[in-house]
Amino acid sequence: MGFGTKAAGALALALVIGAGAALAQGDVISQRKAAMKAIGDGNRAPAAMLRGEAPFDLSAVQAQLKVIESNATSALKLFPDNSKTGGDTAALPKIWETKADFDAKMTSFVAAAKSAQAKITDEASFKQEFPALLKNCGGCHTDYRARRS
Amino acid sequence: MRKFALLVVVLAIAGFGVFWFISAPQRVVIANDAAFNAPGDVARGKDIFFAGGCASCHATPNQADRLRLGGGLEMKSPFGSFYAPNISPHPRDGIGNWTNADLANAMMRGVSPDGAHYYPAFPYTSYAGMQADDARHLMAYVRTLQPVEGRARDHGLGFPFNIRRTLGVWKWMFFDTAQVKTDPARSASWNRGQYLTETLGHCAECHSPRNALGALVDSQRYAGGPEAHGDGWVPNITPRSLKDWTRGEWVQLLQMGLTAEGDSVGGSMGSVVKNIAELPKADAEAMADYLMTLPARQGPPRPKK
C-alpha cells in the first residue's frame, strides 16, 4: 500500500465521517422537530377538553402526559453543539449561549410532565394542572425559539 | 447676488421656524390637575399594567422577576438600538418623582416630564387612545413596586434619528391621538376588547408592517410582517389567516399561549401571554370577540429562506 493509496483512503474516510456528521446534524434537527411536533399535535385533544368542547377523557390525557415526558426527555439530548445550523431550524443561537439555563428548563419540563401524571386524577385536577404544565412550553419558546408564522 | 443670499437666509430662518413650530412637543390637556394627581386605584392599576404589557420591555433582562422594572432591554431596529428605560418607582433613576399627569403625557403623547419627545419604540402611538384616568391608576400601582437603582444606557441611534426634536415632525406626519370610539351596535365585551387590543395591548405595533420611517402601514394593520427587532416573522392575525379559529381557541391562545394547532407560541408573544394570564378571563374573551371581527387583510409577502 503506497502513500498515495493511504492518503486517498484517509481522504475517503474523512469524507465519510464529514458526511456522516452533516447527516447526523440534519437528523438531530429533524428528530427534535418531530419530537416537539408530536407534543403539539397531541395537545389538541386535551386543549379541546379544557375549552369544554370535548368530553374529559382521563386515559387520553394520561397518554399525552407520557408522550410529553418521553419526547421532552429525548429532545433534551437533541440540541448538541453542532446542531445550531444546518437544516430548517427555529432554534435560536441563545440556546447554546446559556445552555445550562436551557437544559435546566427542559429538565424541569420533564419533571413537571411526570408529576402531572400523579396529580391529574379527575377533571378538576386536569383543569388546574394541565394549563400549569403548558406554561413550561412558553418558558423556552419565549427565549429560545425564533418567531415564525 | 447679495439679494439672493439674503433670500436664502430668510427662507432658512422661515423653514427652521416651521420645523420648530411643527416639532414642538404637545401635551394632554387635563382640565383639573389637582383632582387628576390624586392617588389612583392600585388594583385597577395592576390590570392596566398587565394589559399594557409594561413588563415585557421594562423588566430588567436576564432575571425572573417581571416586576423589577430597571429597564435595559435592547430593542434593535433599522434606525439603531433602543434601550428600555427604568420605570421602577426609584426617585432618581426611575419614575418615582412623576406625577399622574407626567405619566399620562408620556403614554398618551410621547412627551417626557421635561418636555422632550419619546421615540415610538415606546408604543404611545397605541396608548394615545386610552382613557387618561387609566394612567392615574397605573401610576398608583407602579408606586407599589420595588425601586430599582441605575439607568439604562442611552439609545444607540444614527444621525438624524438621534435628534429628538425631529420626532415632532414624525408625530405631525404619523401620530393620531384620537380616542378609541365605542361602537354602540356591538356588545360591551367587543368594546372592551377593542379598547384592550387597540390601546393598552398595542397588538398592532408588532402585528403590522412598518414603512421606511417606522410608522405602521394602516392598510395592512394586523396583517403581520417582519419582526422589527429580530429576524423572525410576525403572523397575520386577521381572519385572512385565522378564519377557522373558534372563540375558545382565541381565548386559549391569549391565556395559555396554545394555538389552534396545538403549538405553543414563543418570542415576544410568550411574554404577552404571561401578561394576559394575569388579567380576568373576561378580558381575554373580550379581546377574542374583537380580534375575530378584524377585517381580513393580506400582509406583505414573506421572503423565502
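The values are calculated or read from the model by the stated rules, or taken from the named source; none is laboratory data. Bear in mind that the values here come from a model prediction, so they are computed numbers and not experimental data. Here Cβ is always computed from backbone atoms with ideal geometry, including for glycine, and neighbour counts include all displayed protein chains.
Table for the structure above
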read-out: Odd one out for B:T238, checked against (1) surrounded by fewer than 19 Cβ atoms within 10 Å (Cβ to Cβ); (2) over 15 Å from the mean Cα position of the chain (by Cα); (3) within 13 Å of chain A (Cβ to nearest Cβ); value: (1)
read-out: Odd one out for B:N191, checked against (1) within 14 Å of chain A (Cβ to nearest Cβ); (2) more than 16 Å from the chain's Cα centre (by Cα); value: (1)
read-out: Residue list for region B:265-291, filter: buried (at least 17 other Cβ atoms within 10 Å of the Cβ), over 19 Å from the mean Cα position of the chain (by Cα) and away from chain A (no Cβ under 13 Å); value: B:A286, B:D289
read-out: Single match in B:G262, B:G248, B:G224 (criterion: within 11 Å of chain A (Cβ to nearest Cβ) and in contact with a Ser or Thr (Cβ under 8 Å, 6 or more places away or on another chain)); value: B:G224
read-out: Residues that are under 24 Å from B:Q63 (Cβ atoms), among the hydrophobic types (A, V, I, L, M, F, W, C) and assigned to a loop (DSSP other than H, G, I, E, B), drawn from region A:75-110; value: A:F79, A:L92
read-out: Wholly enclosed helices (runs of 4 or more DSSP H) of region B:22-67 bearing at least 1 residues buried (at least 21 other Cβ atoms within 10 Å of the Cβ); value: B:42-51, B:54-58
read-out: Residue list for region A:112-131, restricted to those being more than 10 Å from chain B (Cβ to nearest Cβ), among the hydrophobic types (A, V, I, L, M, F, W, C) and in a helix (DSSP H, G or I); value: A:A112, A:A113, A:A116, A:A118, A:A124, A:F126
read-out: Some residue of region B:208-219 being within 11 Å of chain A (Cβ to nearest Cβ), of a type outside the set (S, T, N, Q), surrounded by fewer than 20 Cβ atoms within 10 Å (Cβ to Cβ) and in contact (Cβ under 8 Å) with a residue 12 or more places away in the chain; value: no
read-out: Of all residues in region A:92-104 being within 16 Å of B:G267 (Cβ to Cβ) and surrounded by 15 or more Cβ atoms within 10 Å (Cβ to Cβ), the one that is nearest to the other protein chains (Cβ to nearest Cβ); value: A:L92
read-out: Flag for B:S189 being crowded, with 20+ Cβ neighbours inside 10 Å and modelled with pLDDT of 95 or more; value: no
